[in-house]
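Structure first, commentary second.
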Amino acid sequence: MKIKLSDGRVIPIEMHKVKIVQKSSLPPISQRLDAIAAAGYNTFLLRTRDVFLDMLTDSGTNAMSDNQLAAMMVSDDAYAGGESFYRLQEAVHDVLGFQYCTPAHQGRACENLIARVLVKQGDVVPMNYHFTTTKAHFDMAGGKVLELYHDDALETDSDNPFKGNLDPDKLTAVIKQYGPERVSFVRMEATTNLIGGQPFSLANLKEISRIARNHNIPVVIDCSLISENAYFIQQREPEYTAWSIADIVKEMMRQADVMYMSGRKSTCVRGGLIATNDVNLYRKFSELLPVFEGFLTYGGMSSKEIEAMAVGLREMVEPESASASADLIEYFVNRMVERGIPAVTPPGGLAGHVDAMRFCPHIPQLQYPAGALAAALYIVSGARGMERGTISMDRDADGQEVPSDMELCRLAVPRRVFSMSHMEYVVDRLAWLYEHRHLVGGLHFVEEPPVLRFFIGRLEPIGDWARKLADAFIADFGNV
Ligand code: F0G
């Protein structure tokens, strides 16, 4: 939630109290310099003992509620027919309006099942934007991902409230070009992760759904950040200002034939979920579930997480939960903009994003400016972000680099974990880094896996810039 102060400022305000805390520490910059070298300049490979603020992701790192933790204590560990599953099924029905649900161990497991059931060799899969694991699964099933965003979606300095919209004209043209039988489904990602957590509007979803359904093409919504997308609809789409988050979510789900989610985000648990009202699709998912995940009533999740997901689904549509990270991100992004840091605007869900092409225009794209910025920010702050740029794209079938549409350094804001002072600290160190941006150089791979290379690939700085950057920092602040 946000609150207006007497001096006119609007600040994010926590509608919860902190009951359990975990100690964190800020290792000195000399230690951080060694740690990032040992991690191959890839923030995924850092150990958390070397990290002060873990802004790598909001996936599985959110603070759970007391009610979620309490529900975990009454879980039913039965291999088959466990009561925990039926409580999840009831929540799916009440919150999302779907009759059938399939648990899976996380979001990409849902993508695997959906790809196997719905994507045929030679198909196309139109979507508002791809996500890394999504594209990997649909590619492996022989499909081709088509990103049909509006032309201005990739502008990082923007006031378009719905950069996650899918362009209906482009969709109509694709259906005409390939024929509806070759379109596996249309996928809408609720806040497009890779272009800055940008939402789609409900009007756009309704239009896309109408076009798809007219051609008997299923609509699949990736609901990993559904509560944030619904919150942005309420905040930014005048027609829905008076609607509750719960009603907006239900209305969104009415436009979908299948929803799936990484439960690690909006529901604050470690798990995944597919839900539908289509019994035939449900049967197909169910046939594959025991092969890849586990029995129908646990699908690879622990029963404790299933209980917590049932509660998390109900809580994610409460206004306090849906706004918890979005409002802190808005504050974070606005502060970055005030300090002249090229942040992605408008603020999105999941993270504050810095545009590395504008931050470090001197670094060529194939020297990975976003990866370099993530490493540099870690060195000067101990905050660990994530590269979302060309490193996150894999090479094509001919081994050629595929330059990413955007070079973003993502600084995730997990729900109910960080405070305003954490945001102030990161903004301050980013501002210092921006003043010294000429000291940041590029990276090159020394170990490069062929698929999803961003996870475990190792890189090196081109030249000695990391040490020089640390020296300049120490000259200003000392070894902190
Ligand atoms: N879809 C979206 C939109 C996601 O953001 C993610 C994960 C997935 C699918 C895959 O789900 O991780 O549970 O298997 N995003 C994480 C992130 C990894 O850091 O943004 P998963």
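Would you calculate the convex hull of the Cα atoms in the chain and tell me its volume per residue in Å³?
144
Based on the Cβ-Cβ distance of Gln121 and Glu90, what FRET efficiency does E = 1/(1 + (r/R0)^6) give at R0 = 45 Å, to the nearest 0.05?
Working from the Cβ atoms, E equals 0.75.
Taking amide H positions as placed 1.01 Å from N in the peptide plane, with prolines and chain starts having none, which residues 5 or more places from Tyr129, or on another chain, fall under 5 Å of its amide H?
Here Glu189 satisfy the definition.
When the Karplus curve 6.51 cos²θ - 1.76 cosθ + 1.60 is applied with θ = phi - 60°, which whole-Hz ³J(HN,Hα) does each residue of the range 307-321 get, with x for Gly and Pro?
4, 5, 5, 4, 6, x, 4, 5, 6, 5, 9, 6, x, 5, 6
P(r) tail for the range 96-195, what percent of Cα pairs lie past 18 Å?
51
Quick one: if the Förster radius is 22 Å, what FRET efficiency do Ile3 and Arg339 give, using the C-beta to C-beta distance and rounding to 0.05?
FRET efficiency, Ile3 to Arg339: 0.45.
Below 8 Å, C-alpha to C-alpha, sequence gap of six or more: please give me the relative contact order for the range 66-318 in percent.
Relative contact order, the range 66-318: 31 percent.
In debye, nearest 20, what is the charge dipole magnitude of the chain about its Cα centre with +1 on Lys and Arg Cβ and -1 on Asp and Glu Cβ, if you could check?
480
Whole angstrom only: what separates the Cα centroid of the range 354-420 from the Cα centroid of the range 440-480?
Taking the Cα centre of each part, the range 354-420 and the range 440-480 sit 12 Å apart.
Quick one: what are the phi-derived ³J(HN,Hα) couplings along the range 89-97, Karplus 6.51/-1.76/1.60 with θ = phi - 60°, whole Hz, x for glycine and proline?
So the Karplus estimates, Gly and Pro as x, are 4, 5, 5, 4, 5, 5, 8, 10, x Hz.
Can you tell me the order of 6-12, 382-388, 370-376, 335-341 when each peptide is scored by its average per-residue count of other Cβ atoms within 10 angstrom, highest first?
Top of the packing list down: 370-376, 382-388, 335-341, 6-12.
Working from the alpha-carbon coordinates of the range 227-292, get Rg over Rh, Rh being the Kirkwood radius.
Dividing the radius of gyration by the Kirkwood radius yields 1.08.
Ordering Asp398, Asp355, Asp278 from largest to smallest accessible area (1.4 angstrom probe), what's the sequence?
Ranking Asp398, Asp355, Asp278 by accessible area, largest first, yields Asp398, Asp278, Asp355.
For Arg182 and Asn160 in one chain, what is 0.36 nm times their gap in residues minus the Cα-Cα distance, to one decimal in nm?
Once the chain is fully extended between Arg182 and Asn160, it gains 4.7 nm.
Rounded to the nearest 5, what % of DSSP beta bridges with both residues in the chain are antiparallel?
65
In Å and whole numbers, how far do the C-alpha atoms of the range 259-379 stretch along each principal axis, longest first?
53, 37, 28
Can you give the FRET efficiency to the nearest 0.05 for Arg358 and Asn216, using r as the Cβ-Cβ distance and R₀ = 41 Å?
It comes to 0.40.
Per 0.36 nm of contour for each residue apart, how much would the distance between Ser421 and Asp398 grow if the chain were fully extended, relative to their Cα-Cα spacing?
Using 0.36 nm per residue and subtracting the Cα-Cα distance, I get 3.6 nm.
Quick check: residue separation of Leu288 and Met15 times 0.36 nm, minus the Cα distance between them. What number comes out in nm?
94.2 nm
Using a simple spin-label model with points 7 Å from Cα along the Cα→Cβ vector, what separation in nm is obtained for Asp152 and Ala173?
1.9
With the other protein chains left in place, how much accessible area per residue, in square angstrom, belongs to the chain at a 1.4 angstrom probe?
Here the residues of the chain average 39 Å² of exposed surface.
With a 1.4 Å probe and all protein chains left in place, how much of the accessible area of the range 385-433 comes from carbon and sulfur atoms, in whole percent?
C and S atoms contribute 50 percent here.
Carbon-plus-sulfur fraction of the accessible area of the range 203-336, 1.4 Å probe, in percent?
That share works out to 49 percent.
One quarter of the convex hull surface, Cα atoms only: what value does that give for the range 66-318 in nm²?
12.7
Computing the accessible area with a 1.4 Å probe over protein heavy atoms, can you report the carbon and sulfur percentage for the range 1-156?
The computed percentage sits at 52.
Based on Cβ point charges of +1 for Lys and Arg and -1 for Asp and Glu, what charge dipole magnitude is obtained for the range 184-248 about its Cα centre, in debye rounded to the nearest 20?
So the magnitude is around 220 debye.
Take every Cα pair under 8 Å in the chain that's 6+ residues apart, average their separations, divide by the length, and report that relative contact order as a whole percent.
22
If you fit an axis through the alpha-carbon atoms of helix 369-381 and take the longest principal axis of the Cα set of the chain, what angle between them do you get, 0 to 90°, nearest 10?
Once rounded, one gets 60 degrees.
Amide H to amide H, which residues 5 or more places from Leu273 or on other chains are under 5 Å from it, using H placed in the peptide plane?
Ala104, Met261, Gly263
What whole number of Å gives the distance from the Cα centroid of the range 1-50 to the Cα centroid of the range 154-225?
After rounding, the separation between the Cα centres reads 33 Å.
The values are calculated or read from the model by the stated rules, or taken from the named source; none is laboratory data. Since we're looking at a predicted model, the values are computed, not measured. Every residue, glycine among them, receives a Cβ derived from its backbone with ideal geometry; neighbour counts consider all protein chains shown. The area values use the complete protein model at the heavy-atom level, side chains included, leaving out ligands, DNA and RNA. Shrake-Rupley method; radii C 1.70, N 1.55, O 1.52, S 1.80 Å.
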